[in-house]
Each structure stands twice: as C-alpha cells, then as structure tokens.
There are 2 protein chains.
Amino acid sequence: MVSWFRRARERIEVPRLTPRSDQRATERVDLAELTPTLEEFLALSAYLQLSFFESLGDAVSQAPTTQAKSVVARVAGRTLDKHEKLAAEIARLGDDPVDVMQPFVEAVERFRLATHGAEWHETLLTCYITTGFLDEFFVRLGAGLRGEAGERAVAILKADSGADELVSLLQAGIDADAKLASRLAMWGRRLVGDTMLVARSALVMGADQDSDEARIEPVFTELIAMHTRRMDVLGLTA
Amino acid sequence: MVSWFRRARERIEVPRLTPRSDQRATERVDLAELTPTLEEFLALSAYLQLSFFESLGDAVSQAPTTQAKSVVARVAGRTLDKHEKLAAEIARLGDDPVDVMQPFVEAVERFRLATHGAEWHETLLTCYITTGFLDEFFVRLGAGLRGEAGERAVAILKADSGADELVSLLQAGIDADAKLASRLAMWGRRLVGDTMLVARSALVMGADQDSDEARIEPVFTELIAMHTRRMDVLGLTA
C-alpha cells in the first residue's frame, strides 16, 4: 500500500516572497497539495471509521466485565456515528457510499487484520492509537479541502472518539498487571508503522517525489509526537 | 432460566362484573400482574439490547460485502441506541446501569451463545427473529408499567430495529442459494424456544402458577403468531 492516488497534479509555480514566520505557519498544513478529492477523502475516512467500529465490536465481545462492555459499546457507537455522517456526506455529493468506499476496502481490511490485537487490551490499544493517529491525520489532510463540505468532513472527524474512555480501561488493566505495560508498549510500536502506511497511502503523490517528501515529513514528525503523547498518557514508552 | 422474579405478589381480589367484550380486551395486555419493577424491566431489556448489538457486531465482521457490512452496522447502531436510551432511563432512576444489569448478564450471555449462528445468514436470522420477538414481548410487558418512565421505555423498545434491512439481506441470500432456505427454516425453529425462555424468565411469577399460566398463554400464542409472520416474510416455514 503506497498510494492510492499517484496522478499528475497541476502545479502553478509562483515566486514566493513570504516572510519567514508566515512560511512556517503555512508549512504546518502544507499537505494541501497532496490532498485527494473530497469524494476520495470521504470514502477512505468513512471506511476507516467502519473498520474501527468493527475492531471495537470485537472489543465489546471480548470485554471482561459488564462495565467495560458498556463503555466500549459507547465508544463503538461514536465511530459508527462518524462513519454514518461521512457516508451521508458522500451521498450528499450524489454518490453511492458503498461504491466509492469499495476501492479502499482491501487495503483497510489488510490494515485492520495487521493491527488486530491478540487479546482484549491489545485490541483496545489498537483502537486508541490508530483512531487517534488517523483522525488527527485526516483532520490535517482535510485542511486542504475547499468549501463547506470539506469543513463539515473535518468537523465530523474532529469529534470525540472516546479516547478518554479507552485510556481509563487500559490504565485499569496496566495498574492491575505490571507485565501488561511492557507488552502494550511493544504492541504500540508495532501499530504505528502500519498506521503511518495507511495515512501515507491517502496522499496524492505528484511527479516530484523529493518535494512531496519534504512536505510530508514535518507533518508526520508532528503526528508521531502526538502518538508519543498518547502513549505517555498510559505511562508507556513509544 | 425459569424466572428471575419469583416473589410473593400482593393480590387484591375484587369481584369482577365486567361485560364479556371488555374482559377480552383486558386479556390482551394481562401481563400487567406479572410485570417486574421498572428498574428490573429496564435492566433486562437494556442488557438484551447490548447483547443484540454484540451479535450484530459479529455480523458486521462476517459480512460478505461492503454493502452488507454497511447495512448491518447501521442496524447494530439502532440496537446500541436502544441500549443507551434504556441505560439512560436507569440512570434517571438514580441507579447505576451496570449494577442493575449485572444480575441478568449470565443468563443473557447463555442465551446469546445458544442462539449464535454457525455462519453469517444464521447470525442475521438470529438478530431478526430474537430482536423482533423480544422487542414485541417487552412492549407488551411494559404495558404493565405505570407512569411516564414506563411509557418512555415502551417507546424506546417500539422504535425500528432495522428488521426490513435484515430481511432484505436474508432474502438476497435465500434467492441466491436454494439450500439456505431450509437451513434457515430449521435454525428459526431452534431460535424460538430459547427466545421464549428468555421472555418467560422476565415474568414475575406468583404463588398461583395455574392462574399465571392462564395469563401467559394467550400472550405467547400471539407472539408465536407474530414470529410465524416474521418467518413467512422470508418464505420460511416456522
């Protein structure tokens, strides 16, 4: 899975004489040129949310207590809500959500299976880490979408996915079992590679790869820093 | 699983001189005396909805197409919505939903495992048949609850659980595979026994068993007639 979108991009080169400080501010959201179409953006993010819902559904079944089951079901409901809202945005464009999601199914399914935990806490960590990373990534990528539909898509993705609830459940597990922390730290490291690959594959790469990489790098550096903070919250080394 | 609620009931015997026609009308909802407390009613029905959500979550994972996955996820969302609304009603009574659901967990889980399909279409039939039967049963039982909270609970349970969507998916499977119909007909017969047991266990049985049975029988006869109609919709013999 390298990129779904490797197509020629029109580039209009204009001389830039922006002052340094402005330039740095622009760099933060400089994925704009790598942003897929609104339809593709919605399709991939909608199917990812459905895939998160599937993983959380497993976590509902595996939950060791009624309390945990109830909490995870609520979190699952949030991702389902995001999926349905993103699918509704696709329908609003006059497209069939299933048709436009189809090209992404195989790779997302491969991602879901690769990040499927061996037991409940690992599955929870997967949900916490991958939804956190990818929601954040799509919010940034969505800054390159124009118009109200793009803003709505970003607002949908920004909504709370229940990270705090997942952290509480994970923390309780770690507190009860010292060995769990090191196992989850390892699992977290496993997850970030696959998650970054999915994120990268959503970018529209142009002909000038070096230039694209230069745009991508600072964004991913920042996303990894946020991933590290997510692990820190649990006292785990990223 | 016979009854969670076998406790003495206060019965005030008053001479009845109701005209025949009125009496028959009363009989239709004559589970009133067998109705558990509002809290118990909410707890069992809330946990059953969570259990339906769990089964539908399995069906999301097993779905053979993106279209089917998307539809089943939406149906799962409806049962989750019912669960959360019923849990919110429990919280409104000042109780902790998890605490009051706990006594029902073991038996509902046993029911869920006993009615777990061997493959996707069986799981779908389970969801269609058991949610249909039990929602209908709880709506009738809920007629015995007093006050606005009881009315709200019944309104929550009456909401659409996505039966039409499940029927469409099942019908498509039956149309594509002639053997599936007879397998599902057999599975449907298996389901109804376990489902009736769960329904019965929600009734508060008094000291006078014969009198209770006389009340229960016509209601279950009607529920089974509705089950038969549900199977008929799919062209399956109940």
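The values are calculated or read from the model by the stated rules, or taken from the named source; none is laboratory data. Quantities reported herein were computed from a predicted structural model and do not represent experimental measurements. So basically every Cβ, Gly included, is an ideal-geometry build from the backbone, and we count neighbours across all protein chains shown. Each accessible area value is taken on the protein alone, full model and side chains, heavy atoms only, with ligands, DNA and RNA left out. Shrake-Rupley method; radii C 1.70, N 1.55, O 1.52, S 1.80 Å.
When A:VAL71 is tested against (1) surrounded by 20 or more Cβ atoms within 10 Å (Cβ to Cβ); (2) within 19 Å of the chain's Cα centre (by Cα), exactly one condition is not met: (2). If the condition is being farther than 20 Å from A:ALA87 by Cβ and more than 7 Å from chain A (Cβ to nearest Cβ), then the range B:48-57 contributes B:LEU48, B:GLN49, B:SER51, B:PHE52, B:SER55.
Yes/no per residue for (1) within 17 Å of the chain's Cα centre (by Cα); (2) among the small types (Gly, Ala, Ser); (3) open to solvent by 40 Å² or more (accessible area, probe 1.4 Å):
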residue: A:ALA172; (1), (2), (3): no, yes, yes
residue: A:VAL192; (1), (2), (3): yes, no, no
residue: A:VAL219; (1), (2), (3): yes, no, no
residue: A:ILE224; (1), (2), (3): yes, no, yes
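For B:ILE90, the test of being in a helix (DSSP H, G or I) and free of Cβ contacts under 8 Å to residues at least 60 places away in the same chain is passed. Considering (1) in a helix (DSSP H, G or I); (2) of a type in the set (A, V, I, L, M); (3) within 20 Å of the chain's Cα centre (by Cα), the lone condition that A:ALA238 does not fulfil carries the number (1). Considering the range A:53-68, and only residues there that are in contact (Cβ under 8 Å) with a residue 60 or more places away in the chain and open to solvent by 20 Å² or more (accessible area, probe 1.4 Å), the residue that is nearest to the chain's Cα centre (by Cα) turns out to be A:ASP58.
Each residue in the range B:93-122 was checked for being part of a loop (DSSP other than H, G, I, E, B) and either open to solvent by less than 10 Å² (accessible area, probe 1.4 Å) or more than 11 Å from chain A (Cβ to nearest Cβ) (or both), and 7 pass. With respect to the conditions (1) crowded, with 18+ Cβ neighbours inside 10 Å; (2) over 14 Å from B:THR35 (Cα atoms), B:GLN209 falls short on a single one, namely (1). Taken over the range A:91-123, the residue count meeting the criterion of being within 20 Å of A:LEU169 (Cβ to Cβ) and over 15 Å from the mean Cα position of the chain (by Cα) is 8. Scanning the range A:34-51 for residues that are part of a helix (DSSP H, G or I) and open to solvent by 10 Å² or more (accessible area, probe 1.4 Å) yields A:LEU38, A:GLU39, A:GLU40. When the range A:58-77 is limited to residues that are at the interface with chain B (Cβ under 8 Å from one of its Cβ atoms) and among the aliphatic types (A, V, I, L, M), the one that is nearest to A:GLU136 (Cα to Cα) turns out to be A:ALA76.
In the condition set (1) under 15 Å from the mean Cα position of the chain (by Cα); (2) within 14 Å of chain A (Cβ to nearest Cβ), B:ALA88 is compliant with all but (1).
From the list A:LEU80, A:LEU141, A:LEU125, the lone residue that is more than 22 Å from A:PHE5 (Cα to Cα), away from every other protein chain (no Cβ under 13 Å) and buried (at least 20 other Cβ atoms within 10 Å of the Cβ) is A:LEU125.
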